[in-house]
Amino acid sequence: MITHQFFEKYNGKDTYLYLLSDKIDVIVCTLGATILSVRVPDRFGNKTDVVLGMTNPDDIVNKGDYMGAVIGRCANRIADGRFTLNDVIYQLAQNNGASHLHGGENGFDKKVFNASVDGNSLILETTSLDGDEGYPGTLKMGVKYTVHGSTLAIEYFGESDKDTVFNPTNHLYFNLNGEEDGNILDNVLQINADSYLEVDQNLIPTVKSPVANTPFDFTQAKPIGQNIDDNDMQLRLAGGYDHNFCLEDNLAATVYSVKSGICMDVFTDCCGMQLYSGNFLKGQEGKSVYNKRSGFCLETQFYPNAINRDDCLKPILKAGDKYHSSTQYVFTLL
Ligand code: GLA
């Protein structure tokens, strides 16, 4: 079932909250197509909110470190904010040192989306004009959230009138103990990836490396905190995990919390997933106060900076082609 109510004005525009309810309850704001809350049955017969979130439009946009927002046009970093497409060099906004991060200064996370409902799906759409943040082509994009039983499915759509770069994701921060718990280090994580991308000091991916015998080996389930403080150059560069895993399977990852009994499977048709251990969180006040490592992200996407790499799929959307990708979060009890 889907209901909605007026939320607040942002930049003179009305924003709305949508509640998608089945066995789980998901609250989505039309600002940034942001997921503010995901309440899931826990082992005590209650519902636990497993995602971090802000409570007002200003904080959603300015303080929330992209919590729950849709990211784009291109998720993660593009080195020097630059790429070449059809022999033209495009210079994008450099909003993270020299890099372009998460779509730039005014990415999808800051747009007010138009909403419509189709059965148990919420469709949020926006148009990014030719030249927006430096990207070519007028891009019509949409995200569809569907709650069915204990599954939250996220689908992305896009179509552009010129060849462009399109690589959307969602930036949910999870803590399966509950969002107010403050610490994700005991969340147990398994990732179906035998390799990951090392990064440089700007967190731009470099070589693809095997995870075996490194702290990045999540092929067998282990607590996120088990190796996070190991004396490892890659962990030091990022202050924890902030790396892309090269996925082998549609079942990308499984996470569970012994405290709440909540288990989450992540399915996706994307080839990459960024594990980010909330290293930059620093006491933001939202539903709770969020410090370093109080949430983790599993951002399904193309490899970061893939537009400038030749060893992977590039996030190029050709003029007139239709983009579609999907990621599902499936909740069960241990
Ligand atoms: C992504 C990046 C991180 C950081 C967060 C937002 O996950 O990989 O480095 O920028 O977003 O704070």
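Quick look at the values:
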item	result
Likely footprinting exposure, Ser116, Ser99, Ser128, fewest C-beta neighbours within 10 Å first	Ser116, Ser99, Ser128
P(r) histogram, all alpha-carbon pairs of the range 100-250 included - 10 Å bins from 0, percent	9, 28, 32, 26, 6, 0
Computed lengthening from Ser116 to Ser195, 0.36 nm per intervening residue step minus Cα-Cα distance	24.5 nm
Residues Glu133, Glu180, sorted so that the one with the fewest Cβ neighbours within 10 Å comes first	Glu180, Glu133
The range 73-129: mean projected area of Cα convex hull, nm²	5.2
Residues His4, His324 arranged by fewest to most Cβ contacts within 10 Å	His324, His4
P(r), alpha carbons of the range 1-83 - 5 Å bins starting at zero, rounded %	3, 14, 20, 20, 16, 12, 8, 4, 2, 0, 0
For the range 284-334, the Rg and Dmax computed from alpha carbons only, in angstrom	17.1, 46
Eligible lysines near Lys162 by straight Cα distance, threshold 21 Å, same-chain separation 8 or greater	Lys140, Lys314, Lys318, Lys322
Candidate lysines for bridging to Lys282, where Cα separation is under 22 Å - those fewer than 8 sequence places away on the same chain excluded	Lys63, Lys110, Lys292
Cα-based radius of gyration of the range 39-84 once divided by 2.2 N^0.38 Å, which approximates compact folds	1.73
In order through the range 11-26: 3J(HN,Hα) via Karplus (6.51 cos²θ - 1.76 cosθ + 1.60), integer Hz, x for Gly, Pro	6, x, 9, 6, 10, 10, 10, 10, 10, 9, 10, 8, 6, 10, 10, 10
Per residue Cα convex hull volume in Å³ - calculated over the range 233-334	163
Prolate/oblate/rounded label for the range 54-183 (Cα gyration tensor, a/c 1.5)	oblate
3J(HN,Hα) from dihedral phi, the range 35-49, Karplus parametrisation 6.51/-1.76/1.60, rounded to Hz, x for glycine, proline	7, 9, 7, 9, 9, 10, x, 10, 5, 9, x, 9, 10, 10, 7
The chain, dipole about Cα centre (Lys/Arg Cβ +1, Asp/Glu Cβ -1), debye to the nearest 20	400
Overall dimensions of the chain by Cα: Rg and Dmax, Å	18.6, 59
Calculated [θ] (222 nm, deg cm²/dmol) that DSSP helices of n ≥ 4 give over the chain, each run adding -39,500 (n - 2.57)	-1000 deg cm²/dmol
Spatial extent of the range 21-131: Rg and Dmax, with the Cα atoms as the point set, Å	17.0, 59
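Quick note: the coordinates plus some simple rules give every number you see, no bench work behind them. As the structure is a computational prediction, the values presented were derived from the model and not from experiment. Cβ: placed from backbone, ideal geometry, glycine included. Neighbour counts: every protein chain shown.
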